[in-house]
Amino acid sequence: MLKSIANSTTGLRAHQQMLDVTAHNLANVNTVAYKERLVSFQELLYRDLKERRLPVAGHAVRPPSSGRGVALTATAASSRAGSLHFTGRPFDLALEGAGFFRVTRPDGSHAYTRCGNFFLDAEGGLVTAAGDKLGITLDRPAKNDRDENIDLSALIITPQGEIFIPVPPPQLEKETDARSAAENKKKEEKEEPPAMEKVGELPLYRFANPQGLLPIGGNLFLPADASGQPREGQAGEDGFGLLKRGFLETSNVDLAGQMVNLMRGQRAFQAAARSLTTADELWAQTLNLQV
């Protein structure tokens, strides 16, 4: 009976953890670029059933054995991509592929994310909502007679990760009379689209096994032995994917699948609890036996 109680206890613990993971997935169904967690179970080591003072018929080739229960061994992030949601914000970036953005945290360490809702800070760089800096360097165009007022909010990021900024056209001559005003108006009507100047590039990173990344919260991941080290590349290269400006990747949580997992975990937890109760009742009856 003690073995049955121990086995039932492992089942209660493992399926409670499964319910915790499922609840976490459901709580993040609307989190940008969230990857649902997948649980893995594993049976524990077996023990030989060798009881003393029991008759043995012959010599068994392999002695009978009994399991020790179950354990939740790993939780891995699903590699399935989420759908793209149009936002229209110029600094919202979605990845179509297996790439990751690299951000620098306040302590100077690097982390990786697929959450692309970035903002422009006072220094002209892109940061996450939590203030982590995106791993790019923007070079401000040189000052000249055409770009005295550079609007950094007009940054344009191409699907290949190249970052451009429109250069203001040369200022028209100051209007001195009605004739010059008419000439300036004609120039404005014939004005060509503003010239674009490249001010930086946005590198992407990929891993041999993205499911092996270590989640640390805030939609951030750290490399681990199972994931391998990051490899840098540009959007559009093989395996890195393309950037979609004005879009965000939604969570890939499958609500129907998570509800099924919730019911499975609950039923398995109830079964383990019932097994524990039965073993306890048998143990009580054994202790109350009278010769």
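The values are calculated or read from the model by the stated rules, or taken from the named source; none is laboratory data. This is a predicted model, so every value here is computed, not measured. Glycine also receives a Cβ, built like all others from the backbone with ideal geometry; neighbour counts cover every protein chain displayed.
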Would you be able to say whether some residue in the range 188-196 is modelled with pLDDT of 85 or more, aliphatic (A, V, I, L, M) and within 30 Å of THR113 (Cβ to Cβ)? no
Can you confirm whether the range 7-22 contains a residue that is at pLDDT below 90 and exposed (fewer than 11 other Cβ atoms within 10 Å of the Cβ)? no
Enumerate the pairs (first residue in the range 8-32 and within 18 Å of ALA279 (Cβ to Cβ); second residue anywhere and modelled with pLDDT of 95 or more) with beta-carbon separation below 7 Å, excluding pairs fewer than 6 apart on the same chain, so at least 6 apart or on different chains. none
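One line per residue, one yes/no per condition, for (1) on the phi < 0 side of the Ramachandran plot; (2) polar (S, T, N, Q); (3) modelled with pLDDT of 60 or more; (4) outside any loop (DSSP other than H, G, I, E, B):
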site	(1), (2), (3), (4)
ALA122	yes, no, yes, no
GLY131	no, no, yes, no
ASP147	yes, no, no, no
SER153	yes, yes, yes, yes
Among the residues of the range 66-82, write down those that are of a type in the set (Ser, Thr, Tyr) and touching a residue at least 40 places away in the same chain (Cβ under 8 Å). SER66, THR75, SER78, SER79
Tally, over the range 98-120, of residues that are in contact (Cβ under 8 Å) with a residue 40 or more places away in the chain, part of a loop (DSSP other than H, G, I, E, B) and not charged (D, E, K, R): 4
